[in-house]
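The values are calculated or read from the model by the stated rules, or taken from the named source; none is laboratory data. Bear in mind that the values here come from a model prediction, so they are computed numbers and not experimental data. With ideal geometry, Cβ positions are generated from the backbone for all residues, glycine too; neighbour counts draw on all protein chains shown.
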Amino acid sequence: MSELTRNPSKVKHDAGMNPVAVISRNTTAFYLLDPQVYEALLAALAEKRATPVALANPAVQNVEKLINDNSMTFGNLLPKMLHNEQSRVNRGELAEKALRITHYRIEKFVLPFFKDMQIGNIQIDSLQAFVNLLNEEKLGGVSIGQYLVIVRKVLKYAHSMRFIDALPQFPTVEAKRTSRGGFTLPEYHQLLKMSWRMRGVSFKQRAHYINLRTEGIDEDYLVITSEMRWLIGFMVNSFVRPSDLRLMQHKHVEIVERENTYLRLSLPETKKHDKPIVTMRCAVGIYRRLQRDAKARGFGSPDDYVFLPQFTNRVYALRVMGFLFNWLMEEVDIKQGPHGIGRSLYSLRHTAITFRLLYGEGIDVLTLARNARTSVEMIERHYASTLNGEMNVDLIQSKRRRKPGKKDQLKLAL
């Protein structure tokens with residue numbers, strides 16, 4: 001929209017015979033068409049009843065040429081695909097976060113590579129060249145597959161609009177999914193001890209030997225506080241995702257003290273899950289410490305955020321949390337996971353679920369999955385991927401207790 005209002009003649013000249021999608025707030029507002037193309041589209045609507053004279057009209061032939069010559073570029077069609085994805089978000093079929101990730105991937109690699117390519121010229125050789133580029137950027141198979149999904153969506157739209165006769169063959173990419181894994185109990189204790197020992201330490205004091213890039217975060221914010229110890233303990237005792245930390249406000253947290261004491265977390269919907277989460281008992285004490293600390297700093301009202309409430313930009317707040325946690329892992333030297341993949345803040349959620357599988361007495365996986373807002377399949381595929389039989393040898397060797405017979409019941413009665 002800004003380019004059009006600034007220099008409409010240039011936009012028209014650059015577009016030539018191609019349509020122009022005018023974008024406003026990441027949504028297609030309207031399209032601009034060359035007069036001849038517009039006339040051709042009107043004529044094409046009457047194609048079935050057109051006479052030979054009408055079919056000889058240069059306007060109709062221009063449309064046919066536009067289609068048959070495959071002169072439509074990838075960049076021309078991309079906004080329409082994104083418009084369709086936005087419609088899916090509006091209908092609740094796609095998470096808004098997923099669309100933001102799509103926009104990021106498009107700007108990062110997809111658009112720079114494919115923007116000016118004619119849609120009909122995108123074949124397996126150009127797709128393989130794109131895969132090779134992503135390989136050079138050290139992306140894994142899963143990530144490469146997700147980039148190819150974006151390209152496929154644009155090509156499917158082109159096919160539906162008859163700009164191409166068929167979808168090209170896509171290169172095969174091995175997308176081996178491996179879990180980052182959680183922490184062992186000793187590693188978890190190491191993290192808690194290190195976060196306590198480093199209270200008040202600024203990253204500026206350690207930057208000379210810690211190999212971490214701040215990625216644009218103001219170093220004045222990179223100070224370990226007591227809040228990091230509470231954050232680690234809270235995640236391991238509450239099953240939440242890092243994205244939940246970004247959104248969690250005090251109004252979402254309720255302390256329940258009955259026969260069992262726990263927190264009821266009524267968090268905003270994530271990944272199509274909206275049921276409350278029940279925490280472990282330890283999370284209650286951690287939350288009360290967070291409340292006291294927040295109120296001492298002028299926060300703690302229902303609409304204030306539980307973690308790093310001083311940041312109104314919650315994406316930035318999550319980046320700060322992630323950096324501080326990565327720093328702690330570097331200090332303890334446990335950044336590498338059991339599958340050789342770098343750990344992150346998300347590994348604390350893995351730890352919470354793994355600890356319940358290891359130390360929870362008789363908990364069934366379905367109950368655990370529902371409380372953690374995930375599925376049984378995800379627990380078996382990812383969260384339980386580091387478990388083995390020896391870890392629960394006592395349960396494997398346990399025997400089912402015999403039900404008491406009539407003689408036993410008589411003895412008990414006596």
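Worth a mention:
- Neighbours by Cβ (under 7 Å, 6+ apart or cross-chain): first from the stretch 92-108, acidic (Asp, Glu); second part of a loop (DSSP other than H, G, I, E, B) and surrounded by 15 or more Cβ atoms within 10 Å (Cβ to Cβ): none
- Answer residue from the stretch 228-264, given it is among the aliphatic types (A, V, I, L, M) and more than 17 Å from Tyr346 (Cβ to Cβ) and is nearest to the chain's Cα centre (by Cα) among those: Val253
- Test: residue in the stretch 252-270 that is surrounded by 20 or more Cβ atoms within 10 Å (Cβ to Cβ) and at pLDDT below 95: yes
- Number of the condition not met by Gly340 [criteria: (1) of a type outside the set (Ser, Thr, Tyr); (2) modelled with pLDDT of 95 or more; (3) in a loop (DSSP other than H, G, I, E, B)]: (2)
- Among residues of the stretch 317-332 being touching a helix residue (DSSP H, G or I) at 6+ places or on another chain (Cβ under 9 Å) and farther than 12 Å from Leu212 by Cα, the one that is surrounded by the fewest Cβ atoms within 10 Å (Cβ to Cβ) is Val332.
The rows are residues; the columns are (1) polar (S, T, N, Q); (2) touching a Ser or Thr at 6+ places or on another chain (Cβ under 6 Å); (3) buried (at least 18 other Cβ atoms within 10 Å of the Cβ); (4) free of Cβ contacts under 8 Å to residues at least 12 places away in the same chain.
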position	(1), (2), (3), (4)
Val131	no, no, yes, no
Val142	no, no, no, no
Glu174	no, no, no, no
Gly181	no, yes, yes, no
Lys193	no, no, no, yes
Phe203	no, no, yes, no
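- Leading residue by the ranking (surrounded by the most Cβ atoms within 10 Å (Cβ to Cβ)) among those in the stretch 85-117 that are modelled with pLDDT of 90 or more and either in contact with a Phe, Trp or Tyr (Cβ under 7 Å, 6 or more places away or on another chain) or not in a helix (DSSP H, G or I) (or both): Phe114
- In the stretch 362-374, the residues that are in a helix (DSSP H, G or I) form Cβ pairs under 7 Å with partners that are among the polar types (S, T, N, Q), at six or more places apart or across chains, as follows: Ala369/Ser375.
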